[in-house]
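Written below as structure tokens is the structure these notes are about.
The values are calculated or read from the model by the stated rules, or taken from the named source; none is laboratory data. On a predicted model such as this, the values are computed, not experimentally measured, just so you know. Positions of Cβ are generated from backbone atoms using ideal geometry, with glycine treated the same way; all protein chains shown enter the neighbour counts. All accessible areas refer to the heavy atoms of the entire protein, side chains included, with ligands and DNA or RNA removed. Shrake-Rupley method; radii C 1.70, N 1.55, O 1.52, S 1.80 Å.
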Amino acid sequence: LVLLGLVAFSECIVKIPLRRVKTMRKTLSGKNMLNNFLKEDPYRLSEISFRGSNLTIHPLRNIRDIFYVGNITIGTPPQEFQVIFDTGSSDLWVPSIDCNSTSCATHVRFRHLQSSTFRPTNKTFTIIYGSGRMKGVVAYDTVRIGDLVSTDQPFGLSMEEYGFAHKRFDGILGLNYRNLSWSKTLPIFDKLKNEGAISEPVFAFYLSKDKREGSVVMFGGVDHHYYKGELKWVPLIRAVDWSVHVDRITMKREVIACSEGCAALVDTGSSNIQGPGRLIDNIQKLIGATPRGSKYYVSCSAVNILPSIIFTINGVNYPVPARAYILKDSRGHCYTTFKEKRVRRSTESWVLGEVFLRLYFSVFDRGNDRI
């Protein structure tokens, strides 16, 4: 199953495999998912050729089915951090050694005095996320994503953090458009693109399911070994973020949301499928979920009988089956991954997070403003 249209990129690709951490709901061996997948599910490779295939492998880890994180380094000599590769935001930041917030104390902090290439500024900024916020200062230093190197890269050093304590990532690497940068600086993907460090202004995600290993983010092109069938391109609504137009959302051939069309942000930094509260509540009722705390729960046996929820995008149906939208918590109870989107807009909007992206290989094409 694929989301995106046919890609023909030449020259080199920088590929960063994303390794998943053992989840609370399943303890897994951590074997390479792609190798197993290719053995168990052979398929016809699409006819895409690459002249040169320079692949950089970078493990991403799954944190309790909430985030996929990978390692980057900042500074000279390099200091390593675990970050979320996030298409929902545009800024790169990590904690500063001068940050005294509880969240910072549980993460790796950047020691600027130990980097010979560090350049400070007095510019401050604040970012508000759905699950937390940070306040920081802009700085410049050398940032490495695998073999990709961005010298004098602007990034943020958090001085205050709220909502990120004990979460197993240090910072966030935004991959959204420049206009959404809270720090008003040049995002790392834009800088790499402008400097010709990548052969094509494209990156792609393959997010593994139920495997610790195997997830990949790739820069500069697309490796066709990670999908079967044909990629289907979807134009962005506007070249300002990774939002696409959704025709409708259906279940059992009946429209349950997005009846007049709606927007959906394709967001690798979100673990859920998010939508307007009244529509999410309706979906929870349709699948028989009951609220308990901050989540909605169903019987685990319902996974085998509940219908798929289908997102029709650009005329193509993308089913999300019950096995994808229902997960187990640490106590073995099953909960749904639909969540209210707490943003007030006059038009209906959704977020397609990792629940959706684990099913569909996704390519983000900045050169043509499409997914």
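Here are some notes:
- Pair Ala165, Val240: separation of 7 Å Cα→Cβ label points (nm): 3.7 nm
- Here is the list for the range 198-255: GluC sites (Glu not before Pro) lying in DSSP coil, each with at most 12 other C-beta atoms within 10 angstrom of its C-beta, are Glu230.
- Of Lys184/Lys232; Lys209/Lys252; Lys167/Lys339, those spanning more than 22 Å from alpha-carbon to alpha-carbon: Lys184/Lys232; Lys209/Lys252
- Separation between Cα centres of the range 89-115 and the range 190-235, rounded to whole Å: 28 Å
- Residues of the range 215-253 with amide N under 17 Å of a point placed 7 Å along Cα→Cβ from Asp369: 233-246
- Candidate residues Tyr360, Tyr296: accessible-area rank, largest first, probe 1.4 Å: Tyr296, Tyr360
- Protein heavy-atom surface of the range 227-365, 1.4 angstrom probe: 45% of the accessible area is carbon and sulfur, with nucleic acids and ligands not counted.
- ³J(HN,Hα), Karplus 6.51/-1.76/1.60, whole Hz, each residue of the range 179-191, x for Gly, Pro: 4, 9, 6, 6, 7, 6, 10, 7, x, 5, 5, 4, 5
- If you plug the beta carbon distance of Asn317 and Ser346 into 1/(1 + (r/R0)^6) with R0 = 35 Å, you get a FRET efficiency near 0.80.
- The range 227-320 - Debye-derived log10 I(q)/I(0), Cα point model, q = 0.22, 0.23 Å⁻¹: -1.30, -1.36
- If you plug the beta carbon distance of Ser116 and Lys209 into 1/(1 + (r/R0)^6) with R0 = 35 Å, you get a FRET efficiency near 0.25.
- Cross-link reach list, aspartates and glutamates versus Lys295, counting only Cα pairs under 19 Å and skipping chain neighbours closer than eight places: Asp65, Asp281, Asp329, Glu340, Glu354
- Volume of the Cα convex hull of the range 209-248, divided per residue and given in Å³: 158 Å³
- His107 - accessible surface, heavy atoms, 1.4 Å probe, Å² rounded to 10: 20 Å²
- FRET efficiency, Ala302 to Tyr129 (Cβ-Cβ, R0 25 Å, nearest 0.05): 0.20
- For the pair the range 315-355 / the range 264-311, the C-alpha centres are spaced 5 Å from each other.
- Sparse-neighbour loop sites [trypsin sites (Lys or Arg not before Pro); the range 291-371; at most 16 other C-beta within 10 Å; DSSP]: Arg331, Arg342, Arg344, Arg345
- A 1.4 Å probe, protein heavy atoms only, puts the accessible area of His245 near 90 Å².
- Charged neighbours of Gly261, selected by a Cβ distance under 10 Å, balance to -2 (K, R count +1; D, E count -1).
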